[in-house]
1. Of all residues in the stretch 131-147, which are within 21 Å of residue 227 (Cα to Cα), part of a loop (DSSP other than H, G, I, E, B) and open to solvent by 20 Å² or more (accessible area, probe 1.4 Å)?
2. What's the number of the condition residue 46 fails, among (1) touching an Asp or Glu at 6+ places or on another chain (Cβ under 8 Å); (2) modelled with pLDDT of 95 or more?
3. Could you tell me whether any residue of the stretch 161-173 is among the basic types (Lys, Arg) and in contact with a helix residue (DSSP H, G or I) (Cβ under 6 Å, 6 or more places away or on another chain)?
4. Is there a residue in the stretch 77-93 that is open to solvent by 10 Å² or more (accessible area, probe 1.4 Å), over 15 Å from the mean Cα position of the chain (by Cα) and within 28 Å of residue 139 (Cβ to Cβ)?
5. Give the residues of the stretch 176-192 that are touching a residue at least 60 places away in the same chain (Cβ under 8 Å) and either more than 18 Å from the chain's Cα centre (by Cα) or open to solvent by 30 Å² or more (accessible area, probe 1.4 Å) (or both), sorted by residue number.
6. Let me spell it out: the conditions are (1) under 19 Å from residue 189 (Cα atoms); (2) of a type in the set (A, V, I, L, M); (3) out of contact with any strand residue (DSSP E or B) (no Cβ under 6 Å at 6 or more places or on another chain), and residue 43 meets all of them except one. Which number is the exception?
7. Can you find a residue in the stretch 13-24 that is within 17 Å of the chain's Cα centre (by Cα), within 22 Å of residue 171 (Cβ to Cβ) and either at pLDDT 95 or above or open to solvent by less than 70 Å² (accessible area, probe 1.4 Å) (or both)?
8. Those residues that are open to solvent by 70 Å² or more (accessible area, probe 1.4 Å) and either over 18 Å from residue 14 (Cβ atoms) or acidic (Asp, Glu) (or both), I need them from the stretch 98-124; list them, please.
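The values are calculated or read from the model by the stated rules, or taken from the named source; none is laboratory data. As the structure is a prediction and not an experimental result, all values here were calculated from the model. Methodologically, a virtual Cβ is constructed for each residue, glycine included, from the backbone with ideal geometry; neighbour enumeration extends over all protein chains shown. The protein model used for the area step is the full one, side chains on, heavy atoms only, and it has no ligands, DNA or RNA in it. Shrake-Rupley method; radii C 1.70, N 1.55, O 1.52, S 1.80 Å.
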Amino acid sequence: MAKKTLSIFIDESGDFGPYDKRSPYYYVAMLFHDQSLNIADDIRKLNEFIANKGFPFHAIHTGPLIRREQIYRYETREKRQDLFKSLFHFIRSIPIHYICPRIKKNEHEVTEFSFLFRLSKAIHDELKRNYNYLSSFDLQIVYYDYGQAELTKIITAVFSSLFTNVEFRKVQPAEYRLFQAADLICTMELTKDKADKNQFSKSELEFFHSPRDFKKNLYKQLEKKKL
């Protein structure tokens with residue numbers, strides 16, 4: 001009998017530097033996909049759409065897409081929105097779930113150790129809350145790009161403490177649409193917090209129109225994928 005395998009794609013938003021009131025939270029999005037559920041056709045359709053829109057094969061980064069940065073700096077809002085919608089529709093259409101542990105960075109954090117401890121606990125507690133689902137698989141494969149050494153260590157330690165059969169793989173972002181989906185989820189969770197506080201930037205207002213529209217038309221749909 002074949003092993004039941006769960007893919008876990010992880011992306012983060014935030015850093016381990018000093019507190020910044022413009023970015024007070026640290027987010028860790030974790031996207032879960034049961035490998036027995038084939039999504040090859042969904043990926044093919046997404047790749048075809050991206051190519052037909054004239055974009056090169058690349059890792060879609062949602063933050064720069066919204067802010068019109070990097071390879072998107074010369075693209076129109078309409079074209080960038082089309083690319084966003086294609087990845088968003090991909091997420092809605094495929095059988096995935098996600099969680100997004102987060103912590104608020106303390107303006108008066110005493111030591112880096114206390115920040116690491118709180119983040120580790122937040123990740124551990126969220127995984128533990130969904131332990132029955134996660135442990136129903138014979139193997140968990142964690143994909144991360146090792147972008148932040150501190151988070152890499154936390155992920156390795158926490159998953160190894162909870163699961164007896166877990167593997168860790170370094171991902172090249174352009175090669176995995178599910179990793180790019182995790183990136184979008186992370187950005188959406190951050191944007192939801194900004195929407196709740198009515199703190200949209202000029203770029204976000206241009207892209208999403210208003211916090212209300214964002215929550216009603218987009219986040220409400222994404223939230224259905226939460227575990």
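1. At the first step, the residues of the stretch 131-147 found to be within 21 Å of residue 227 (Cα to Cα) are 131-144.
Now narrow it down to the ones that are part of a loop (DSSP other than H, G, I, E, B): 135-138.
Once the filter is applied, which keeps residues that are within 21 Å of residue 227 (Cα to Cα), part of a loop (DSSP other than H, G, I, E, B) and open to solvent by 20 Å² or more (accessible area, probe 1.4 Å), the stretch 131-147 yields 135, 136, 138.
2. In the conditions (1) touching an Asp or Glu at 6+ places or on another chain (Cβ under 8 Å); (2) modelled with pLDDT of 95 or more, residue 46 misses (1) alone.
3. Pass one, the stretch 161-173, residues among the basic types (Lys, Arg): 169-170.
Subset that is in contact with a helix residue (DSSP H, G or I) (Cβ under 6 Å, 6 or more places away or on another chain): none.
No, there is no match, as no residue in the stretch 161-173 is among the basic types (Lys, Arg) and in contact with a helix residue (DSSP H, G or I) (Cβ under 6 Å, 6 or more places away or on another chain).
4. Checked against the condition, which is being open to solvent by 10 Å² or more (accessible area, probe 1.4 Å), over 15 Å from the mean Cα position of the chain (by Cα) and within 28 Å of residue 139 (Cβ to Cβ), the stretch 77-93 yields at least one hit.
5. Across the stretch 176-192, the qualifying residues are 176, 190.
6. (1)
7. Going residue by residue through the stretch 13-24, those that are within 17 Å of the chain's Cα centre (by Cα) are 13-15, 23.
Still in the running and within 22 Å of residue 171 (Cβ to Cβ): 13-15.
Retained after the next criterion (residues that are either at pLDDT 95 or above or open to solvent by less than 70 Å² (accessible area, probe 1.4 Å) (or both)): 13-14.
Yes, the conditions are met somewhere in the stretch 13-24.
8. Correct list: 107, 110, 112.
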